[in-house]
Structure formats: structure tokens, C-alpha cells
Amino acid sequence: MQNLVLGIDTSNYTTSIAIVDHENNLIIDHRKILAVKEGTRGLRQSDALFQHVINLPVLFEKISELNLGTRIKIVSVSSSPRPVEGSYMPVFRAAQSFGKTIAHTLNCTYKEFSHQEGHIEAAKWSIGKKLESEFVGVHISGGTTEILHVKNNDEFGYTINILGGTSDISAGQFIDRVGVSLGFKFPAGKEMDQLAINTLKKEIVLPVSMKNTHMSFSGPETAIQKLVNKDVDQASLAKAVLECIACSLKKTILNTLKSTGLKQVLMMGGVASSQYIKKYLLENMPKEYEIYFGEAKYCTDNAVGTALLGIK
């Protein structure tokens, strides 16, 4: 029987645990989305941390049921947002606390990685393709929109440099702010994406605000919010938001590829699970470049990538 790696990730909106074996096979993948009060656009860190503390024991019940505890030899946790000095968010304290306690109890190895590295590893694992040692990573989520130069470090995670992204709100914030204004529950990504992908209407075209490898969504958000309470079809509003994001991403990604000479792009993060954005980029990116989208389930917050990193 193979030894196992336990991964724990406690992000802004999801409590996650995962177990993998040393051949990268996924054994357990359990998650619980944090509760957000209706009509609000997020959680305070203290409230999210409290929910993680409540959720983790519930998720761990499955490990006990399957009698896997004695086979866990490595505990790998997400301890920070990014793999740079000073990167910190209180929510990751839950993963660290539970992870260290379990590692000490089982007398096994304890490892820490960043939440962003976990996203990269999960997305890369899900596409089932070996990427070059250096590639462009695009991390688009509720709190992050960054274009990254990713270098694989076989011994420990990744070396990541930010090459671009947003100069104001993230793509996820843009989607969620408009979605909540339309009456959808936070996070509103799934509802907005379904509206956009299922309509043929294109009544609204938002301006794309970008310069080189940086984009801005505050101006487009202001423009679309003015239309929310007017007699405008919800699907048209959702489509305008997602097309603005997709077009902005295409232009900034192309500028990044040209400046770096890299040819491969890996899309990750919750917003990368959007069917509309995926379809747009796959259809509009030049064929000389390779663009890969992590499987939707492994684009959203999860502990699978964190567990896989523990094998390195």
C-alpha cells in the first residue's frame, strides 16, 4: 500500500482537503464553500477563518471513515497567497494550524506552499500534459488577476514573477459586483457565465481599458452598473462583462508572450472555469501559441494542487 500526501487549503471562500498518492493519483477531494450573507460581496477575514475552523473537522471525517490516517506520511498546506516574502492572509492560518497538529500527531513530514502554487499545480495536473519548464500563467479569481512568468522548480514548487494583471479590481470582483447588483448570490460567476454563454444577443460593448500587460476593470464596471437598473436584458449585461474580461485578457496575454518569447499559457483560478472566457480565448488566440485551461473543477479553489506539491 502506497504512502499518501494530505493537502489542506483554506482560502477566502473555500475550505479544502485532498489526498494523493506518490503516483499523482487523487484519492480524496473534499471542499466546503464558505457561507456568504445574501446581498453582500464577500467575507471579512475573521469570519472566513472562523468558518474554516468549523469546516475542517467535518471534512476530515472521510479520512477516518476510509482508515487512511496511518498511510499519511506528508502533510502539505497552503500558508500564504503567493510564494514571496511578506505574502500573508489570516485565512491560511487555519491550514497551518491543522496541518502542523496533524503532522506532529502522525510524526510525518510537514511542508508549506502558497495558494497560487497550488492553483498552478492543480491546473497543470488536470490538463494531463507536460508543459515546458517556463510558461505564462494567468491566475484569474475573485481576489487575483495576474499574468505570471512561471518557472518550474523540481525540488520545491515554482519561481513566479508577476508580469502584468489588473491595476484596480480583479476580474472576479468585476463579475461579482455586477452579479450581486443583478440580484445573484455571491459569488455570482456561475450565474453570469450561464447567462452569457446561452445568449446570442450582443447589445452592449464595453470599452477595453489596458496598457501593455496591465488591464483595468473599474471603468467598464462603472459603465455597466449605470445600465443595471434600466430596461436592459440581464444576459446582455452578463455577456458584456465577460467579453470585456476575455478581450482584455487576450490583448494583455499576447503582449506578454511577445515580450517574453514564451509560447505556452496556463489558465487557472476560479474565473478560468468560465465557459464563455474559455471559448473566446480558444477561438481568438493566434494558433502559434498554446493556451491550456485547467479542468473547471481544478480551476476553482482546491487542495489537490497543494497535495501534489507535497510529493516534490
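Flag not set for SER79, criterion: closer than 17 Å to GLY143 by Cα, part of a loop (DSSP other than H, G, I, E, B) and either among the hydrophobic types (A, V, I, L, M, F, W, C) or touching a strand residue (DSSP E or B) at 6+ places or on another chain (Cβ under 9 Å) (or both).
Among the residues of segment 190-207, the ones that are closer than 20 Å to ASP176 by Cβ and in contact with a Ser or Thr (Cβ under 6 Å, 6 or more places away or on another chain) come to 2 in all.
Right, ASP193: crowded, with 21+ Cβ neighbours inside 10 Å, of a type in the set (D, E, K, R) and touching a helix residue (DSSP H, G or I) at 6+ places or on another chain (Cβ under 7 Å) or not? Steps first, answer last, please.
Numbers: crowded, with 21+ Cβ neighbours inside 10 Å: yes; of a type in the set (D, E, K, R): yes; touching a helix residue (DSSP H, G or I) at 6+ places or on another chain (Cβ under 7 Å): yes.
When the stated conditions are applied, ASP193 passes them.
Restricting THR199, THR213, THR222 to residues that are loosely packed, with under 14 Cβ neighbours inside 10 Å and hydroxyl-bearing (Ser, Thr, Tyr) narrows the list to THR222.
Any residue that is over 23 Å from ALA296 (Cβ atoms) and part of a helix (DSSP H, G or I) - is there at least one of those in segment 82-93? Yes - at least one qualifying residue is present in segment 82-93.
Restricting ILE8, ILE74, ILE19, ILE27 to residues that are touching a Phe, Trp or Tyr at 6+ places or on another chain (Cβ under 7 Å), in a strand (DSSP E or B) and not acidic (Asp, Glu) narrows the list to ILE8.
This table checks each residue for (1) among the acidic types (Asp, Glu); (2) touching a residue at least 24 places away in the same chain (Cβ under 8 Å); (3) assigned to a helix (DSSP H, G or I); (4) buried (at least 24 other Cβ atoms within 10 Å of the Cβ).
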residue	(1), (2), (3), (4)
ILE253	no, yes, yes, no
LEU257	no, yes, yes, no
LEU266	no, yes, no, yes
TYR276	no, yes, yes, no
THR306	no, yes, yes, yes
ILE311	no, yes, no, no
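Only residues that are more than 19 Å from the chain's Cα centre (by Cα) and surrounded by 16 or more Cβ atoms within 10 Å (Cβ to Cβ): list them for segment 69-92, please.
Within segment 69-92, the subset more than 19 Å from the chain's Cα centre (by Cα) is 69-75, 85-86.
Matches in segment 69-92: ARG71, ILE72, LYS73, ILE74, VAL75.
Within segment 53-93, work out how many residues are under 18 Å from TYR158 (Cβ atoms) and at pLDDT below 95. Residues meeting the conditions: 7. Contact map, segment 81-109: residues that are of a type in the set (Asp, Glu) paired with residues that are surrounded by fewer than 17 Cβ atoms within 10 Å (Cβ to Cβ) and modelled with pLDDT of 95 or more, Cβ distance under 8 Å, separation 6+ or inter-chain. No pairs are found. Among the residues of segment 93-104, those that are buried (at least 20 other Cβ atoms within 10 Å of the Cβ) and of a type outside the set (A, V, I, L, M) comprise PHE98, GLY99. Among the residues of segment 95-111, not a single one is hydroxyl-bearing (Ser, Thr, Tyr) and not assigned by TED's automatic domain parsing to the domain that holds GLY305. Scanning segment 118-131 for residues that are surrounded by fewer than 23 Cβ atoms within 10 Å (Cβ to Cβ) and touching a residue at least 24 places away in the same chain (Cβ under 8 Å) gives TRP125, SER126, ILE127, LYS129, LEU131. Out of the residues in segment 52-68 that are touching a Leu at 6+ places or on another chain (Cβ under 8 Å) and farther than 11 Å from ALA94 by Cβ, state the one that is surrounded by the fewest Cβ atoms within 10 Å (Cβ to Cβ). By that ranking, first place goes to LEU68.
The values are calculated or read from the model by the stated rules, or taken from the named source; none is laboratory data. Just so you know, these numbers come straight off a predicted model, no measurement behind them. In this analysis, Cβ positions are derived from the backbone assuming ideal geometry, glycine residues included, and neighbour counts consider all displayed protein chains.
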